[in-house]
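Below is one structure, written out as structure tokens; comments come after it.
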Amino acid sequence: MNIHSHPVLLYRWVVFLLAAGYCLHQLILGSWGGAGGPFRYLTIWALFLSFYAASRMLALSEHRITRKHEVTAMCAAVLNVMVVFLYWRLYLADPSLVNGGNPIIWWLEYYLHALGPALQIIDALFIGAVFRKVWRAALPLLVIIGAYVAWSELFVQRFNDKPTGTVTSGLPYPFLNSMEWAERSTFYGANAAIALGLLVVFGVVGAVLYRVRRPQAAA
């Protein structure tokens, strides 16, 4: 696909402006009632990574940069899938596990956990075609996940009293506070493994798509 075409430019502007608007919303009106503010949540890390990826994809389409930022886009896509999967799995099981029993704000939650990730993944998979040599994104992805875990355990938990659980308090997601450290470490490790598995899946899907598209482009 021609990433410099008008339809692609329009799409990438829409993705960029939406991400920018929601990032500004979090910075100005986000949940700043506790230490770490909205950055206590993995969703917001994914949002800002998506914003950065969208800005690079737009800059690439506008000939302002030459670096493709494929690793950035791959990490953003995988992190977004993780956020969507974890959020809706927990929410459908029991909304209090993620929202503490509070009603969701539909225009915020549906963007953060559905529309925003979908827009970014569509670009990465179908427009930017970034899922080549996916092994390059494995270490950066693990670093991001490890940084979030360290942030949650060493800073967020230490300087926040809520939410509370049966074991501890202060961790950003209520259910984590009812898990012992051994259980939490297993949970973190399992999700890191899922992230690497998603990277492989994206790589396989990308390889199939790009192999199909190559003869069409040549024709």
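None of the figures in this text is laboratory data; all of them are computed from the coordinates on show. These numbers come from a predicted model, not from an experiment. Here the Cβ positions follow ideal geometry from the backbone for every residue, glycine too, while neighbour counts run over all protein chains shown.
Some observations on this one:
- Backbone N under 11 Å from the Ala35 label point (7 Å along Cα→Cβ), restricted to the range 71-104: none
- Summary: within the chain, the longest segment free of GluC sites (Glu not before Pro) located in DSSP loops with at most 13 other C-beta atoms within 10 Å is 63-179.
- Pair-distance profile P(r), taking every C-alpha pair of the chain, with 10 angstrom steps and integer %: 8, 31, 35, 18, 7, 1, 0
- Label separation (Ile105 vs Thr66): 4.3 nm, computed from points 7 Å beyond Cα along the C-beta direction.
- Over the range 15-154, Cα pairs under 8 Å with separation of 6+ residues give a relative contact order of 26 percent.
- Think of it as helices only: each DSSP H run of n ≥ 4 in the chain is worth -39500 (n - 2.57), and spread over all residues that comes to -20500 deg cm²/dmol at 222 nm.
- Distance between modelled label sites at Val143 and His6, nm, 7 Å Cα→Cβ extension: 4.1 nm
- Range in the chain, longest, excluding exposed trypsin sites (Lys or Arg not before Pro) [loop by DSSP; at most 15 other beta-carbon atoms within 10 Å]: 134-219
- Computed over the range 108-199, the range of Cα coordinates on each principal axis works out to 46, 30, 18 Å, biggest value leading.
- Around the amide H of Ile104, modelled in the peptide plane, lies no amide H under 5 Å away from a residue 5 or more places distant or on another chain.
- If R0 is taken as 45 Å, the Cβ-Cβ distance between Thr168 and Val204 corresponds to a FRET efficiency of 0.70.
- With each label modelled as a point 7 angstrom along the Cα→C-beta vector, the Leu24-Phe159 pair spans 2.7 nm.
- Relative contact order computed over the range 82-189 (Cα-Cα under 8 Å; 6+ residues apart), in percent: 19 percent
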